[in-house]
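Structure first, commentary second.
FYI, it's all coordinate maths here, none of it is from the lab. Everything quoted here is computed from the prediction, not taken from an experiment. Glycine also receives a Cβ, built like all others from the backbone with ideal geometry; neighbour counts cover every protein chain displayed.
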Amino acid sequence: MSLLALYLVCDSFTSQWQSKVFKQYHIDQYQMMLGVNIWSMLMTAVNLYQSGEFFTSFAFILADSTALLHMVVLSITSATGQLFIFYTIKEFGAVVFTIMMTTRQVFSLFISLVLFGHTIGMVGWLSIVSVFGILFFRIYRGGKD
């Protein structure tokens, strides 16, 4: 539960912070993407170096061309997704982005229920109804930041 709570806090903070940076510093989504990815690469490199897996990771990628291909495809699709995310936050604000992502997650949940036969208890259904209630209220309000 604490990891889920931490995820929600970080997810909420990130889009709000990015919206503020877009408005305050008048940068575009490409500059935001570059900054975020440089910091991500630095943090990952430090973590890999501290754990002793930095050179092992490079050796694995050089030895397995399939892994390299999968990383390239993942990087391209991830970068494309980031461009859409940053564009949405810059043009429509963090609230609209949060509404879109929450709706996507709830639809993913419903698809999982149907495709894999998962079940949800009463608390789960109450949570889903609460989320949609909040979403519809925010949409009704106009999705203002």
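Sorting 131-137, 118-124 by their mean Cβ neighbour count within 10 Å, with the most densely packed peptide first, gives 131-137, 118-124. Between the labelled values [x] 44, 38, 24; [y] 51, 46, 27; [z] 78, 34, 23, the entry that holds Cα extents along the principal axes in Å as derived from this structure is [y]. What the phi angles of region 8-20 give under the Karplus curve with 6.51, -1.76 and 1.60, with θ = phi - 60°, is a coupling list of 5, 5, 5, 5, 5, 4, 4, 5, 5, 5, 5, 4, 5 Hz, glycine and proline written as x.
Per the helix-only calculation at 222 nm, which mean residue ellipticity applies to the chain, given -39500 (n - 2.57) for every DSSP H run of n ≥ 4 and division by its residues, nearest 500 deg cm²/dmol? Please list the in-between numbers first.
Values: 6 runs with 128 residues, N = 145.
That calculation yields -30500 deg cm²/dmol at 222 nm.
Taking label points 7 Å from Cα along the Cα-to-Cβ direction, N37 and L115 give a separation of 2.7 nm. Rounded to the nearest Hz, the phi-derived 3J(HN,Hα) couplings of region 90-96 under the Karplus curve 6.51 cos²θ - 1.76 cosθ + 1.60 (θ = phi - 60°) are 5, 7, 10, x, 5, 5, 5, where x marks glycine and proline.
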